[in-house]
Amino acid sequence: MSILNQTSLNSLDKHHLLLNSLNCQAYGDITKVSSEFNVSRKTVYRTREAGLNAVNGACKGFCVTANFIQSPLNGLRTLS
């Protein structure tokens, strides 16, 4: 992700930033992550967006809900 190449973080911290940004759901989470990694909130938002786009691209054609996954090829099946 090119947005992470613009930071001075090492590769492990970039990985953690990405995972933490994907986990941001509550009010103040973005600010907390930006403070923790000493990056701008804009960087966290862009990292989160890039990560979500990557996940959505990888899951294209699949529908995941609760304990089930639906694939155009396999139909509906239970996740184990």
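Tabulated results
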{"quantity": "Some residue of segment 43-63 being modelled with pLDDT of 90 or more and surrounded by fewer than 12 Cβ atoms within 10 Å (Cβ to Cβ)", "calculated": "no"}
{"quantity": "Number of the condition not met by Arg46 [criteria: (1) out of contact with any helix residue (DSSP H, G or I) (no Cβ under 8 Å at 6 or more places or on another chain); (2) touching a residue at least 40 places away in the same chain (Cβ under 8 Å)]", "calculated": "(1)"}
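The values are calculated or read from the model by the stated rules, or taken from the named source; none is laboratory data. Remember, predicted model here, so these are calculated numbers, not experimental data. Counting neighbours? That spans all protein chains shown, and the Cβs are built from the backbone with ideal geometry, glycine included.
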